[in-house]
Amino acid sequence: MTVEYLSEDQIARYGRFAGEPSAQELEEFFRLDTVALEQAASKRRPHNRLGWAVQWGTVRMLGTFLAVPAEVPPGVAEFVAEQLGVDDPSCLKLYPERLPTQHEHAREIRKLLKIRDFDDGDLALREHISGRVWVSNEGPRAMFDRAVTWLLRNRVLMPGLTQLARLVGEVRTGEQALIHSVVDAPVEPELRRGLLELLDVPEGATRSVLEGWRKGPRGVSGRGRRPRWSGRGTSTG
């Protein structure tokens, strides 16, 4: 399973900035709280203070750290630099000079935000996708976006694009095969039709009948509001 089922937009914005963040996104993900300000201010050089803070906001918004933090949109560097009192945002280009520093900062941020490796969340994500397949008839693109949302909400680092696309595709295909085997089992025709109708989305509705029976949060699309990762070290929500 490859990424051919994804749209160009999904590929372009996965784990990266697809242009300048909006004013709302800057406030939501790059507004440093007290703990983040203290952590950033503890760094000696301006570019390290700025680099730490940029990484803090980037992982909260994208669910991953950029290989080159200096490649954030200029508006991000300016927004963060103003909060830190760094006069020249362009000093961020000096930050990649020491990779060990970047990695040390990333470890600090992960501990502060309680972010987990993908391997630690893999099974739970599979269970989430499996459950969605049974209560909806969403296509693979929508299911992929749901997986991204789940990873952000549960503070799990994003894997590679191909890895996540393959996981979503495999789980969805496997669960659909299981559903079909259940539906095709020897049952009365009327019962079979009734079961299939539960997966249909009624005209004017946004979800299937079966999904409507299921209690849980409202459905979200890939373009919906991103979950916010709190920057507070003691936050668990």
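See the values below:
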read-out: Protein accessible area in the chain, 1.4 Å probe - carbon and sulfur %; value: 51
read-out: Rounded D (µm²/s) - the chain, Kirkwood Rh over Cα pairs, Stokes-Einstein at 25 °C, 0.890 mPa s; value: 124
read-out: Gained length - Glu188 relative to Arg44, 0.36 nm times residue gap less alpha-carbon distance; value: 44.5 nm
read-out: Shape parameters for region 1-44, alpha-carbon atoms, Rg then Dmax in Å; value: 16.3, 47
read-out: Reciprocal mean inverse distance between Cα atoms of region 50-168 - Kirkwood radius, Å; value: 15.8
read-out: Against the rule of thumb 2.2 N^0.38 Å, how large the Cα Rg of region 10-81 comes out; value: 1.05
read-out: Computed [θ] at 222 nm, deg cm²/dmol, the chain (DSSP H ≥ 4; -39,500 (n - 2.57); rounded to nearest 500); value: -17500 deg cm²/dmol
read-out: Surrounding net charge for Asp117, when Lys and Arg each add one and Asp and Glu each subtract one, Cβ distance under 11 Å; value: 0
read-out: Distance in nm between pseudo-label sites at Glu108 and Ser7 (7 Å out along the Cβ direction from Cα); value: 3.9
read-out: Distance (nanometres) between label positions extended 7 Å along Cα→Cβ at Ser130 and Thr206; value: 2.8
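The values are calculated or read from the model by the stated rules, or taken from the named source; none is laboratory data. Bear in mind the structure is a predicted one, so any value in this text is a computation, not a measurement. Neighbour counts run over all protein chains shown; Cβ positions are idealised from the backbone, glycine included. Just the protein is used for accessible areas: all its heavy atoms, side chains included, with ligands, DNA and RNA removed. Shrake-Rupley method; radii C 1.70, N 1.55, O 1.52, S 1.80 Å.
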